[in-house]
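Down below is the structure, laid out as structure tokens.
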Amino acid sequence: MQVFKDFLLNVLIISMPFILYPYLYRLREKPLLHRVLLFALFAVAIIATMCFPVKYNGISYDFRSIPLAIGSLYGGGVITFLLFGSVILGRYLLGSPENLLYTLSILPAFLTVFFFQRIYKTASFRRKVAIAIAQCSLIKLLTLSLFLTYTGRPEQLIDKPLLTAALYLAHGIMVWGFVSLIEFLNRHHHMREEVEKSEKLRLVSDMAASVAHEIRNPLTAVRGFIHLLGTGDVGPDKREFYKGICFSELDRAEQIISDYLSLARTDPESMELIDVNAEVSYLSNILITYANLNNVTLVVTLSKDTSLTTMGDRSKFRQALINIGKNAIEAMPEGGTLRLMTGRLGDQAAVTIRDTGSGMTADQIRRLGTPYYSTKEKGTGLGTMISFSIIKKMDGRIDIKSEVGKGTEFTLAFPRVKVG
């Protein structure tokens with residue numbers, strides 16, 4: 001039972017680098033940090049197995065060759081040198097005898113690693129398993145054979161052959177398991193990266209198609225009316241009417257381009273304290289004329305709490321509120337009431353924008369803020385997407401409640417920053 005416990009402890013110790021391997025994979029773009037952490041994990045596993053060997057019939061066995069072999073094969077030349085150095089240093093610190101002879105004994109195994117490294121990276125999965133098992137076995141077999149020969153104990157090589165065979169079999173099974181785990185994780189991360197790349201390419205393709213489609217519509221209209229202006233039987237009134245439509249469509253094309261440019265510039269350019277009450281008051285002054293034109297009554301309720309301040313880019317913050325406010329007004333084509341309110345929501349500064357418009361279904365709410373989705377007939381959805389992106393980059397939270405035919409309520413909550 002004690003031998004079994006010691007064996008499980010060693011398995012747990014040498015599993016540590018492989019459990020943490022997914023985190024190491026993400027650091028591949030930082031080579032120095034990746035190598036340092038890779039070395040540290042495998043070196044700790046090597047030293048720990050040397051500290052807690054499996055003892056049976058007065059003989060100590062450890063599994064240092066497994067993390068040594070796998071760490072060397074996946075780590076490269078520098079890591080190999082450092083890991084073999086860690087074995088020698090660990091042995092010295094543990095007070096083991098004949099360290100110079102051990103260093104000479106492990107040198108051939110050290111050299112074989114560089115031979116296997118040349119073919120390991122491009123090998124198939126089965127060959128990798130075979131190479132890793134061979135490397136692990138060579139480390140143990142060559143080092144032990146030479147060391148026992150140098151110290152005058154070669155007979156111990158054939159002592160307890162069944163136990164030795166079982167030990168090498170256990171090494172092989174564990175190496176197979178750990179290499180399989182690493183290769184599976186590598187394939188998983190590679191597939192995820194490929195999916196992310198394809199998604200980015202699809203997004204760029206969709207955006208290009210969307211830009212082309214959105215810009216083509218007003219340009220087609222402009223082209224048609226310019227053609228009409230070129231005919232000789234157009235009166236002054238119609239000419240002015242056609243010119244007005246042309247300018248209106250060009251303005252719409254310019255707005256679409258501005259929306260796409262804003263989408264690429266949602267990162268805050270300057271961070272400053274924002275007084276939420278003052279910004280909502282400013283929003284009401286901006287929206288009042290547009291609300292009157294659409295027969296919408298604007299009601300503003302500001303909190304008396306003077307601590308409603310947050311951090312962010314003031315111009316981007318205003319852009320987000322204005323976009324949501326204008327959308328709320330446009331959701332009430334027959335007129336209605338738009339309420340702007342401020343207050344505290346827990347320890348956050350909150351802005352509530354509530355309309356009495358057409359409302360949205362649960363599916364519409366779920367899709368709101370996604371690319372190219374809009375509840376308006378001629379909308380691109382970019383304004384809402386930009387607003388949501390700005391709010392989220394301010395660490396804000398967006399809560400939407402809506403009921404078809406009764407209206408929609410947006411609650412925007414931002415981290416409150418205490419002044420003074």
Subset of the range 284-323, residues among the β-branched types (Val, Ile, Thr) and at pLDDT 90 or above, comes to 296, 297, 299, 300, 301, 309, 310
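This table checks each residue for (1) charged (D, E, K, R); (2) touching a Phe, Trp or Tyr at 6+ places or on another chain (Cβ under 8 Å); (3) at pLDDT 85 or above; (4) crowded, with 20+ Cβ neighbours inside 10 Å.
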{"position": "58", "(1), (2), (3), (4)": "no, no, no, no"}
{"position": "69", "(1), (2), (3), (4)": "no, no, yes, yes"}
{"position": "87", "(1), (2), (3), (4)": "no, no, yes, yes"}
{"position": "92", "(1), (2), (3), (4)": "no, no, yes, no"}
{"position": "100", "(1), (2), (3), (4)": "no, no, yes, no"}
{"position": "118", "(1), (2), (3), (4)": "yes, no, yes, no"}
{"position": "123", "(1), (2), (3), (4)": "no, no, yes, no"}
{"position": "134", "(1), (2), (3), (4)": "no, yes, yes, no"}
For the range 32-56 the number of residues that are under 17 Å from residue 77 (Cβ atoms) and among the charged types (D, E, K, R) is 1
Residues of the range 311-326 being open to solvent by 10 Å² or more (accessible area, probe 1.4 Å) and either under 25 Å from the mean Cα position of the chain (by Cα) or more than 17 Å from residue 258 (Cα to Cα) (or both), in sequence order, are 311, 314, 316
With the first residue restricted to the range 120-134 and required to be in contact (Cβ under 8 Å) with a residue 40 or more places away in the chain, and the second required to be among the hydrophobic types (A, V, I, L, M, F, W, C) and in a loop (DSSP other than H, G, I, E, B), Cβ contacts under 7 Å at 6 or more apart or on different chains are 131/123
Listed by first then second residue, the pairs whose first member lies in the range 273-287 and is among the β-branched types (Val, Ile, Thr), whose partner is part of a helix (DSSP H, G or I), with beta carbons under 7 Å and at least 6 positions apart or on separate chains, are 274/314; 274/317; 286/322
When (1) surrounded by 17 or more Cβ atoms within 10 Å (Cβ to Cβ); (2) without any contact (Cβ under 8 Å) to a residue 12 or more places away in the chain are applied to residue 292, the one that fails is (1)
If we ask which residues in the range 13-54 are farther than 20 Å from residue 185 by Cα, in contact with a Leu (Cβ under 9 Å, 6 or more places away or on another chain) and open to solvent by 30 Å² or more (accessible area, probe 1.4 Å), their number turns out to be 3
Note on the range 26-43: residues assigned to a helix (DSSP H, G or I), aliphatic (A, V, I, L, M) and in contact with a helix residue (DSSP H, G or I) (Cβ under 7 Å, 6 or more places away or on another chain) are 37, 38, 41, 43
Going through the range 342-356 in order, the residues found to be over 35 Å from the mean Cα position of the chain (by Cα) and under 22 Å from residue 413 (Cβ atoms) are 355
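The values are calculated or read from the model by the stated rules, or taken from the named source; none is laboratory data. Because the structure is predicted, anything quoted here is derived from the model rather than measured. Virtual Cβ from ideal backbone geometry, glycine too; neighbours counted across all protein chains shown. We work out accessible area using only protein heavy atoms, side chains counted, and drop any ligands, DNA or RNA first. Shrake-Rupley method; radii C 1.70, N 1.55, O 1.52, S 1.80 Å.
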